[in-house]
Amino acid sequence: MTVSLKTKRLLIRDFTPDDWSDLMEVAMDKSVSEYAAYDPPFPTSEKEVKDIIEHPAKTSQFFAICETASGKVIGYISLNGENHEERNLVYTLHSRFQGKGLAIEASIAVIDYAFKNLNLKKITSSTANVNYASVRVLLYLGFIKTGEHTASFSLNPEGKPVEFSGSSYVLEKDSWINTQLLI
């Protein structure tokens with residue numbers, strides 16, 4: 001199924017092969033961010049990025065977040081998982097587009113799509129506790145914190161795991177429908 005979701009400032013759509021350079025720019029920006037150690041590494045080579053676009057995981061909905069005015073891919077958002085009733089929300093925006101409410105705008109569109117079109121019962125997400133902006137986005141969207149955990153996705157220069165505290169969140173369909181967040 002082809003996806004094309006429009007908001008006031010964004011178009012959330014399936015990736016096309018021509019998007020690889022924009023996605024690579026987003027991935028490179030993410031790889032040098034202060035939060036890079038808190039996420040699994042995202043491929044940054046041309047071949048790996050092209051492969052992601054051409055062969056997205058069959059168990060995920062992986063979308064380009066595009067600026068409506070320019071059509072440029074400025075990030076991505078996905079619903080990962082194999083469960084037909086529950087998926088995990090992940091989003092990333094290029095740093096030039098952060099702090100403008102675009103993560104909320106994109107998430108509202110995708111969450112609404114997920115509950116209405118994919119018939120999901122709940123959506124989960126997680127983030128590092130020090131990623132205050134992402135925590136604020138999830139709470140604004142109505143996600144409820146369900147627990148804390150320690151994780152590590154990278155090694156420091158000495159080869160030791162970079163551990164961090166993170167939190168898990170959940171958003172139930174019934175709660176979302178009653179909230180009526182609009183974009």
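Any idea which residue in the stretch 6-17 is farthest from Ala114 (Cα to Cα), counting only those that are open to solvent by less than 30 Å² (accessible area, probe 1.4 Å) and either charged (D, E, K, R) or not in a loop (DSSP other than H, G, I, E, B) (or both)? Checked the stretch 6-17; the qualifying residue farthest from Ala114 (Cα to Cα) is Leu10. Can you pull out every residue in the stretch 44-79 that is within 18 Å of the chain's Cα centre (by Cα), over 20 Å from Tyr113 (Cβ atoms) and hydroxyl-bearing (Ser, Thr, Tyr)? Matches in the stretch 44-79: Thr44 only.
Against the test of being in contact (Cβ under 8 Å) with a residue 12 or more places away in the chain and either hydroxyl-bearing (Ser, Thr, Tyr) or under 20 Å from Tyr76 (Cβ atoms) (or both), the options Val110, Val162, Val170 yield a single qualifying residue, Val110. Restricted to the stretch 64-88, and to residues there that are in contact with a helix residue (DSSP H, G or I) (Cβ under 7 Å, 6 or more places away or on another chain) and closer than 25 Å to Ile144 by Cα, the residue that is most open to solvent (accessible area, probe 1.4 Å) is Arg87. Selection within the stretch 152-183: residues that are more than 22 Å from Asn131 (Cα to Cα) and small (Gly, Ala, Ser). The member of this set that is modelled with the highest pLDDT is Ser175.
Taking the condition of being loosely packed, with under 15 Cβ neighbours inside 10 Å and not β-branched (Val, Ile, Thr), how many residues in the stretch 18-37 meet it?
Of the stretch 18-37, the ones loosely packed, with under 15 Cβ neighbours inside 10 Å are 18, 21, 28, 31-32, 34.
Filter again for not β-branched (Val, Ile, Thr), leaving 18, 21, 28, 31, 34.
Total satisfying the criteria: 5.
Val49: of a type in the set (A, V, I, L, M), open to solvent by less than 30 Å² (accessible area, probe 1.4 Å) and over 24 Å from Tyr132 (Cα atoms), yes or no? Here the answer is yes, as Val49 does meet what is asked. Listed by position, the strands (runs of 3 or more DSSP E) inside the stretch 96-183 whose residues that are among the hydroxyl-bearing types (Ser, Thr, Tyr) and under 18 Å from Gln61 (Cβ atoms) number at least 2 are 122-128. When the stretch 100-146 is limited to residues that are open to solvent by 90 Å² or more (accessible area, probe 1.4 Å) and in contact with a helix residue (DSSP H, G or I) (Cβ under 7 Å, 6 or more places away or on another chain), the one that is farthest from Thr7 (Cα to Cα) turns out to be Lys121.
The values are calculated or read from the model by the stated rules, or taken from the named source; none is laboratory data. Just so you know, these numbers come straight off a predicted model, no measurement behind them. For neighbour counting, all protein chains shown are included, and Cβ atoms are generated from backbone atoms with ideal geometry for every residue, glycine included. Accessible surface areas use protein heavy atoms only, side chains included; no ligands, DNA or RNA. Shrake-Rupley method; radii C 1.70, N 1.55, O 1.52, S 1.80 Å.
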